[in-house]
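Worksheet: one structure, shown below.
The values are calculated or read from the model by the stated rules, or taken from the named source; none is laboratory data. Small disclaimer: the values here were computed from a predicted structure and weren't measured. Note that we place each Cβ from the backbone using ideal geometry, even for glycine, and neighbour counts take in every protein chain shown. With ligands, DNA and RNA removed, areas are computed over all heavy atoms of the protein, side chains included. Shrake-Rupley method; radii C 1.70, N 1.55, O 1.52, S 1.80 Å.
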Amino acid sequence: MKFETESYDLHILVCTNTKEKGQSCGPKGGQEIVDHLKTWIKSPEAGLKGKVRVNKSGCLGKCELGVACVAYPQGTWALEARPEDLPAIEAWIQSQQK
Ligand code: FES
């Protein structure tokens, strides 16, 4: 076993979970948000390659407020995110930089 400290400035988790019953993030565009952010982070305009990592996640426990995104180590959330909110999500990520 090995332990490490975070190697990224920022780690973003975006819920892409789809539940059989009730609200969930997958049907609200979670995967679309992840796909866009992964491409955007690597772009020269963003300038975040190697500094920020985006991963899709399972349920983050905020199903009614999805799409749920959380930034670590800050522990801040972007909730009720939709693909049409991508410019605001990008601005949020930029604002979370150390
Ligand atoms: S399904 Fe996304 S937070 Fe629960």
- request: Select from region 24-71 the residues that are over 16 Å from residue 91 (Cα atoms), open to solvent by 40 Å² or more (accessible area, probe 1.4 Å), more than 11 Å from the ligand (Cβ to nearest atom) and of a type outside the set (S, T, N, Q) and list them in ascending order.
  value: 32, 35, 50
message: residue 8 - would you say it is under 11 Å from the mean Cα position of the chain (by Cα), hydroxyl-bearing (Ser, Thr, Tyr) and surrounded by fewer than 17 Cβ atoms within 10 Å (Cβ to Cβ)?
response: no
- request: Could you tell me which of the residues 56, 51 is more than 12 Å from residue 14 (Cα to Cα), in contact (Cβ under 8 Å) with a residue 24 or more places away in the chain and among the charged types (D, E, K, R)?
  value: 51
message: Anything in region 70-98 that is closer than 25 Å to residue 4 by Cβ, part of a loop (DSSP other than H, G, I, E, B) and not charged (D, E, K, R)? List them, or say none.
response: 73, 74, 75, 96, 97
